[in-house]
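Take a look at the structure set out below.
The values are calculated or read from the model by the stated rules, or taken from the named source; none is laboratory data. The model shown is predicted, which means the values in this text are computed figures rather than measured ones. Counting neighbours? That spans all protein chains shown, and the Cβs are built from the backbone with ideal geometry, glycine included. The accessibility values were calculated without ligands, DNA or RNA, using every heavy atom of the protein model including side chains. Shrake-Rupley method; radii C 1.70, N 1.55, O 1.52, S 1.80 Å.
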Amino acid sequence: MAKVQYYYSSITGNLEMKKKQQKIEMILDGKKIAYEKVDIAADEESKKRMRELCGDPKALPPQLCNGDEYCGGYDAFEVAVEDEELEKFLKLA
């Protein structure tokens, strides 16, 4: 079974990015959705992989994938939460 990968950066001077990352973690933890954290700041290969999956060579975290399937970034995540379709968004349903 594929698992949700959450691509983030542990090193960011961007407060908005940090808040978005915290919100994603808080919601995933609160809903008890298992996920693997992938720190793109610690590994250049992880950053390349994230950008490959996103189909955008300049994509920035946070990004969410399920296995090799791209789910979306923060804005799409937030819409899915508001529409109560998070499991569908994460390709778990």
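Couple of notes before you dig in:
- For the stretch 1-65, trypsin sites (Lys or Arg not before Pro) are listed when DSSP marks them as loop and at most 10 other Cβ atoms sit within 10 Å of their Cβ; the list is 32, 58.
- Heavy-atom accessible area per residue - the chain, 1.4 Å, Å²: 62 Å²
- The residues neighbouring residue 57, those whose beta-carbon lies less than 14 Å from its own, together hold a net charge of +2 under the Lys/Arg +1, Asp/Glu -1 convention.
- Relative to its residue count, the chain spans a Cα convex hull of 93 Å³ per residue.
- Net charge dipole size for the chain [Lys, Arg +1 and Asp, Glu -1 on Cβ; Debye, nearest 20]: 220 debye
- For the stretch 11-93, GluC sites (Glu not before Pro) meeting the loop criterion (DSSP other than H, G, I, E, B) and having at most 16 other Cβ atoms within 10 Å: 84, 85.
- Apolar share of the accessible surface for the chain: 48 percent from carbon plus sulfur atoms, 1.4 Å probe.
- Sites residue 84 and residue 19 - FRET efficiency at Förster radius 22 Å, r taken between beta-carbons, to 0.05: 0.50
- Total formal charge among the other residues, if their Cβ is under 14 angstrom from that of residue 26, Lys/Arg +1 and Asp/Glu -1: +4
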